[in-house]
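Q: Got a structure for you, questions after.
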Amino acid sequence: MSSVYGTDTQDPHAVYREARKNEPIMVGDILAKWNVPSQADYSNLGRQVFTLFRYDDVLQVLRDPKTFTSTLLQEGLGQFLGGFLLTGMDDATHKVARKLLAPAFSPKAIAGWKTLLTPVVADAVAKLEPRGKAELMEDLLLPLPVRLIYEIIGFPKDEAKTQEFAARGMRILVGPQRDPEKAKASMAAAFAAARELYDDTLEVVRQRRAEGSVGEDLIGYLLRAEADGEKLDDAHITELIRQMLPAAAETTTRSFGSMLVALLERPALLARIREDRSLVAKAVNEGMRWETASQFLARQAAVDVEFHGVKVPAGAALSLCTGSANRDEMVFDNPDEFDIDRPQKINVGFGAGVHMCLGMPVAKTEMEAMLNALLDLPNLRLDPEQPPPVIVGAQLRGPRALHVVWG
């Protein structure tokens, strides 16, 4: 079975381990081999693709935006999310955009989000507590991150609208398909969802500007943003907000689900973190490394380059297997182990250098708030009467179901 999420039956980590050792650069796109859509050739144009598996190679590409450009991403999600796509900008435009956005993602802003999110998460978990059991993916981890990102963005509190926006975001994510017939229908649905998201978001942005551009949420910061005499207009703010909607909730859901599987399978570690909440951030960081939610990034070679004796011509795409890189044994001791005490290194799953993902602090803030709330449930553990959780997927990874009990 394959889908946008990847092959359920495939254990990618076994494949990656072998590739790091014997084929650190693959001629071709491993996702295409698995019949999974890829950012490296998002529109099935027939572009030549090479796949990189080692941490140092992936990091080298991410840190050199002149040699390895990200403009090919405009062909991908840029089709749906507009020309103001941060990850697809060239160097000069990107610098201005990052400068304008910096205050919205400052330590002060992030601290404000934590204060904002804590009661929302506590309320969601409190509603579950009397039940004594839950299937966490459906009952909490799919709906809650959507609510949290809406709090951070500053959308009006409207549960029905929130779920409607979430459904649209999912239609955008499943737009790419390798089967031409399926692609025709799914891409049309994705474009329609993107337009609906844009129109509804623009209405909120315009209303907030008319009300005085106030507020400590993301929309408030973006409305007031100014750098070197430049300001963001309503269209740019709307595109930036729309970029966060499909990925922010989905990535957080999958990352958190996988991390929780690791902790629930290690009761002693879970108990240790429950007793010492200063370890929550470490658990979140290790979870993002151990099972990278989105396993691949893509870049395009601007000039002829070479990796491990394999020549990559200018114009070819590089599919960067961050899921493999984050488990590279040449960088991480015992990489397949979930070890919250390991030394911190750059998590290439969120990019690196100038294109480091701005959404990473958003995801971390959400995940820390959710883990703290779940640790307050007494004796949280896997439900012995239900099948154990399994992490699946090749491109996007996470558990399909996560049955737990407490009390």
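The values are calculated or read from the model by the stated rules, or taken from the named source; none is laboratory data. Keep in mind it's a predicted model, so treat the numbers as computed, not measured. Because the Cβ atoms are built from the backbone with ideal geometry, glycine has one as well, and the counts that use them run over all protein chains shown. Accessible surface is based on the protein model in full, side chains and every heavy atom, while ligands, DNA and RNA are left aside. Shrake-Rupley method; radii C 1.70, N 1.55, O 1.52, S 1.80 Å.
Q: Residues of the range 25-60 being within 17 Å of Val305 (Cβ to Cβ) and open to solvent by 40 Å² or more (accessible area, probe 1.4 Å), which ones?
A: Selection gives Val27, Arg47, Gln48, Arg54, Asp56, Gln60.
Q: Which members of the range 277-330 meet the condition of being among the hydrophobic types (A, V, I, L, M, F, W, C) and under 13 Å from the mean Cα position of the chain (by Cα)?
A: Residues of the range 277-330 that are among the hydrophobic types (A, V, I, L, M, F, W, C), as a first pass: 279-281, 283-284, 288, 290, 293, 296-298, 301-303, 305, 307, 310, 312, 314, 316-318, 320-321, 325, 330.
Scanning the range 277-330 gives Met288, Ala293, Phe296, Leu297.
Q: Moving to a separate point now. Identify, please: which residue in the range 121-138 is surrounded by 17 or more Cβ atoms within 10 Å (Cβ to Cβ) and assigned to a helix (DSSP H, G or I) and is, among those, farthest from the chain's Cα centre (by Cα)?
A: Restricting to residues being surrounded by 17 or more Cβ atoms within 10 Å (Cβ to Cβ) and assigned to a helix (DSSP H, G or I), the top hit is Leu128.
Q: Got a sec? Which helices (runs of 4 or more DSSP H) wholly within the range 12-73 have at least 3 residues that are under 25 Å from Phe332 (Cα atoms) and without any contact (Cβ under 8 Å) to a residue 40 or more places away in the chain? Full working, then the answer.
A: Values: elements: 12-22, 30-33, 55-62.
The qualifying helices (runs of 4 or more DSSP H) are 12-22.
Q: All but one of (1) touching a residue at least 40 places away in the same chain (Cβ under 8 Å); (2) surrounded by fewer than 24 Cβ atoms within 10 Å (Cβ to Cβ); (3) in contact with a strand residue (DSSP E or B) (Cβ under 8 Å, 6 or more places away or on another chain); (4) not polar (S, T, N, Q) hold for Val354, so report the exception by its number.
A: Every condition holds for Val354 apart from (3).
Q: Consider the range 227-238. How many of its residues are modelled with pLDDT of 85 or more and either surrounded by fewer than 24 Cβ atoms within 10 Å (Cβ to Cβ) or not hydrophobic (A, V, I, L, M, F, W, C) (or both)? Before you say what the answer is, go through the steps one by one.
A: Narrowing the range 227-238 to residues modelled with pLDDT of 85 or more: 231-238.
Imposing the further condition that a residue be either surrounded by fewer than 24 Cβ atoms within 10 Å (Cβ to Cβ) or not hydrophobic (A, V, I, L, M, F, W, C) (or both) reduces the set to 231-236, 238.
Residues in the range 227-238 being modelled with pLDDT of 85 or more and either surrounded by fewer than 24 Cβ atoms within 10 Å (Cβ to Cβ) or not hydrophobic (A, V, I, L, M, F, W, C) (or both): 7 in total.
Q: Here is a further query. Look at Val405 and say whether it is at pLDDT 95 or above, of a type outside the set (Phe, Trp, Tyr) and in contact with a strand residue (DSSP E or B) (Cβ under 7 Å, 6 or more places away or on another chain). Quick ask: steps written out before the conclusion?
A: Working: at pLDDT 95 or above: yes; of a type outside the set (Phe, Trp, Tyr): yes; in contact with a strand residue (DSSP E or B) (Cβ under 7 Å, 6 or more places away or on another chain): yes.
In short, yes.
Q: Which of the residues that make up the range 328-351 are farther than 29 Å from Phe105 by Cα, surrounded by fewer than 18 Cβ atoms within 10 Å (Cβ to Cβ) and charged (D, E, K, R)?
A: Passing the criteria: Glu329, Asp333, Asp336, Glu337.
Q: How many of the residues making up the range 139-160 are open to solvent by 20 Å² or more (accessible area, probe 1.4 Å), over 20 Å from Arg209 (Cα atoms) and either in contact with a Gly (Cβ under 7 Å, 6 or more places away or on another chain) or assigned to a helix (DSSP H, G or I) (or both)?
A: The number of residues fulfilling the criteria is 5.
Q: May I ask you to list the residues in the range 348-371 that are more than 11 Å from the chain's Cα centre (by Cα), of a type in the set (A, V, I, L, M, F, W, C) and not in a loop (DSSP other than H, G, I, E, B)?
A: Residues satisfying the conditions are Val348, Val354, Met367, Ala369, Met370, Leu371.
Q: For residues that are of a type in the set (Asp, Glu) and over 18 Å from Glu138 (Cα atoms), scanning just the range 247-300, find the one that is most open to solvent (accessible area, probe 1.4 Å).
A: Glu275
Q: Give me the pairs, please: first residue somewhere in the range 113-128 and closer than 18 Å to Asp139 by Cα, second residue anywhere and of a type in the set (Lys, Arg), beta-carbon distance under 7 Å, and either six or more positions apart or on two chains.
A: Filtered contacts from the range 113-128: Val120/Arg147.
Q: Which of the residues spanning the range 358-381 are surrounded by fewer than 18 Cβ atoms within 10 Å (Cβ to Cβ) and of a type in the set (A, V, I, L, M, F, W, C)?
A: Passing the criteria: only Met360.
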